[in-house]
Amino acid sequence: MIRFRNIVKSYGSARAVDGADLEIAPGELCVLIGPSGCGKSTLLRTANRMVEPDSGEVFVDGRPVREHPPEELRRGIGYVIQSVGLFPHMTVGDNVAVVPRLLGIDKGEIAGRVDRMLELVGLSPEWSSRWPRELSGGEAQRVGVARALAADPPILLMDEPFGSVDPLTRVRLQREFLAIQRRLHKTVLFVTHDVEEAIRLADRIAVMRSGRILRHATPEEFVATDAEDFVGEFLGLEYGVEILSRRRVREVLRPAAEIGSDPGAPSIRAEASLKEALGLMAARRVECLSVTDGEGRRAGSLRMEDVLGTWKACP
Amino acid sequence: MNDASGNPAAAQADSRRLRAPGWVFPALLLAVLILSVLRFDLIESLLGIRARGLLVSRIPLWELALQHLGLVAASSAAAVPIALGLGIAAVRFSESGLRALLVAAGSAAQTFPSAAVLALSVPLAGFGFAPTFLALSLYGMLPVLHNTIAGLEGVPEAAVDAARGMGMRPRQVLIRVQLPLALPVILAGVRTSVVINTAAATLGAAMGAGGLGLPIISGIRSFDPALILRGAVPSALLALFADASLRRLEDRARRAAGGKPDGRGA
């Protein structure tokens, strides 16, 4: 769906992107991660021609992007940035309607679509008449996402979209965005420098450094990374624990029938992540948790070995 | 509306109405201005002075005021669109050096005394309305140009980036995003320009353009302070009126740019 082939871009004597190759399959959420200044934003911006590469080629749907007039290309690609960039002189509804209007979609259709988009990002249609200055950071970013999705583009470019909201809101926005993505199956290129965010969201992670893609793989495949090289160092030793956030307790729990009751074990929801389960075990210094379902009924139990799998014994 | 007792919402609406609406002050200034040019003798008797009448012009004061207004209006009408266009071009083609050139030229010109600008335009445009109009137009362009550049450059970069990234053409970015957001700053430039030119237009009398500068010049020649006031007071009132009414327009644009609902309903 999106393919970057040997992209090079310099600013003055500094090479921002230095021969980057990356391919994102249709419907895949690819998180591009790397330290500040590694060229990840620049690379992202070559996809909608906000940046023109010095050499190399970007293909969207198999066609080089430079064959499209930039404005038409951009109207077909959703764009979300960290600073949101809502237009302060337009209502929330008018902000969401910008691209549909540019595309000449008729008014009645646009009004309905604005309401649907706001609902999609968890805001009721009444928000349509509010002004950007009345929104909190998290609300503004929801509107930013609704605006990017309003013309139903097959591709989304997201440049640190949740980078400037508080950690709690960020996690909520990530979860909601993931739910939206599971429904809409957009092809997403998502830039961040937050490893946890990458683990939560990514189908595949691409690690970038000094203008090049070092490694592109699924989050699970990164577990085996050598801790000594740059990728391992960047992801950190805690990666092995962080990755547990991708799996739910209900996926590994032992059904209640299988084992006896374990009175006194702390309880955890079946929808919690394995990382949360491990955190609870560490905090309470227990090896076993009691798992409850959505209604608070006991659903089974969880042991540390269910979370961590089998271990190699110490030599 | 008809019953404010014990109703907090109504009480709030009432207290809001007690504050003078924005147009009251400009309207008051306009009334005093009209009164002063029709019956300046009232102001003179109020101050206990009287022009000695040696060099009092045969042209009635209201006619001089209209001449003055014409000069200011004509020169502003010419200056504002040109300066706006130059400012937009300067920002749009900032790499070409046009911006640097215009800002440098503008700053240099601003340091030049307006009297000298007027005097120097005589050899270019002769005597009378034309040189005054030319000089006032040129002089009036500077604040508008300066504020257009500052206003456009002050538009949040994120809004412009988002506008481009969503597929607006450069002209659409300018008209739909940059200009509406820069408008309050641009209007502040227009206000400065009009106020400065209202004062500077009195110098036009020396170029034979008439206006409220005429009694001032006559008053200086005949050592008659009362006669000077006859030109100075209406001219100052005109400047104050222009300032107050344009400031109101500016506030409205500022609310629109910040998305504040403008008091209606709510």
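The values are calculated or read from the model by the stated rules, or taken from the named source; none is laboratory data. Worth saying up front: this structure is predicted, and the values here are computed from it rather than measured. Quick reminder, even Gly has a Cβ in these numbers, built from the backbone with ideal geometry, and neighbours come from all protein chains shown. These accessible areas exclude ligands, DNA and RNA; they are computed on the full protein's heavy atoms, side chains included. Shrake-Rupley method; radii C 1.70, N 1.55, O 1.52, S 1.80 Å.
Express in nm, to one decimal, how much length is gained between A:Ser55 and A:Arg5 on full extension, taking 0.36 nm for each residue of separation and deducting their alpha carbon distance.
Gain in length upon complete extension: 17.1 nm.
Using the Kyte-Doolittle scale, which helices in chain A average at least -1.0 and also have C-alpha atoms spread 24 Å or more along the helix axis, with helices defined as whole DSSP H runs?
In chain A, the long hydrophobic H runs are A:167-184.
If you take each beta carbon of peptide A:299-306 and count the beta carbons of other chains within 10 angstrom, what is the mean?
Per-residue shielding by partner chains comes out at 0.
What aspartates and glutamates sit close enough to A:Lys107 to cross-link, taking a C-alpha to C-alpha distance under 12 Å and skipping anything fewer than 8 places away on the same chain?
The reachable aspartates and glutamates, counting only those whose Cα sits under 12 Å from A:Lys107, are A:Asp94.
Please work out whether region A:247-308 counts as rounded, prolate or oblate from its C-alpha gyration tensor, where a ≥ b ≥ c are the square roots of the eigenvalues and a/c under 1.5 means rounded, while otherwise a/b larger than b/c means prolate and anything else oblate?
Because its axes are fairly even, with a/c under 1.5, region A:247-308 counts as rounded.
To the nearest 100 Å², how much accessible surface do chains A and B cover up together, summed over both, with a 1.4 Å probe?
Accessible area lost upon association: around 2000 Å².
Counting heavy atoms of the protein chains only and a 1.4 Å probe, report the per residue accessible area for chain A as a whole number of Å².
It amounts to 47 Å² per residue over chain A.
Measuring from label point to label point, each 7 Å out along Cα→Cβ, what is the A:Arg284 to B:Ala77 span in nm?
With each label placed 7 Å out from Cα toward Cβ, I get 8.3 nm.
Using the Kirkwood radius over Cα pairs, work out the Stokes-Einstein diffusion coefficient for the protein assembly as shown at 37 °C and 0.692 mPa s, in µm²/s as a whole number.
It comes out at roughly 111 µm²/s.
Hey, which aspartates and glutamates would be in cross-link range of A:Lys9, C-alpha to C-alpha under 15 Å, not counting anything within fewer than 8 residues on its own chain?
Straight-distance partners of A:Lys9: A:Asp18, A:Asp21, A:Glu52, A:Asp54, A:Glu57.
Enter the mean number of other protein chain beta carbons within 10 Å of the beta carbon of each residue in B:172-180, as an integer.
What the average comes to for B:172-180 is 2.
At 1.4 Å probe size, with the rest of the protein present, what percent of the exposed accessible area of the protein assembly as shown is carbon and sulfur atoms?
58
At what distance in nm do the modelled label points of A:Ala224 and B:Leu28 sit from each other, each positioned 7 Å from its Cα along Cα→Cβ?
About 8.3 nm, to one decimal.
Using bins 10 angstrom wide from zero, how does P(r) for chain A break down, in % of all Cα pairs?
For chain A, the pair-distance distribution reads 6, 23, 28, 23, 14, 5, 1, 0.
Hey, quick one: spin label on B:Leu46, modelled 7 Å out along Cα-Cβ, who in region B:205-241 has an amide N within reach, i.e. under 17 Å?
Hits in region B:205-241 for B:Leu46 at 17 Å: B:226-241.
Beyond 31 Å, what share of the Cα-Cα pairs of region B:36-258 is found? Please give it as a whole percent.
Of the Cα pairs, 32 percent sit more than 31 Å apart.
Take peptide A:72-83, look around each residue's Cβ out to 10 angstrom, count Cβ atoms belonging to other protein chains, and average those counts.
What the average comes to for A:72-83 is 3.
If contacts are Cα pairs under 8 angstrom and at least 6 residues apart, what is the relative contact order of chain A in percent?
18
Checking buried surface per residue: for region A:133-158, which residues lose a minimum of 40 Å² accessible area in the protein assembly relative to the chain alone (1.4 Å probe)?
Flagged in region A:133-158: A:Arg133.
Enter the accessible area per residue of chain B (Å², integer; probe 1.4 Å; all protein chains in place).
Accessible surface, normalised per residue, equals 53 Å².
About its Cα centre, how strong a charge dipole does region B:36-258 have in debye, to the nearest 20, once Lys and Arg get +1 and Asp and Glu get -1 at the Cβ?
Rounded to the nearest 20 debye, it is 320 debye.
Stretched out fully, how many nm does the piece from A:Asp106 to A:Asp203 gain, at 0.36 nm a residue minus the Cα gap?
Length difference between fully extended and current span is 31.3 nm.
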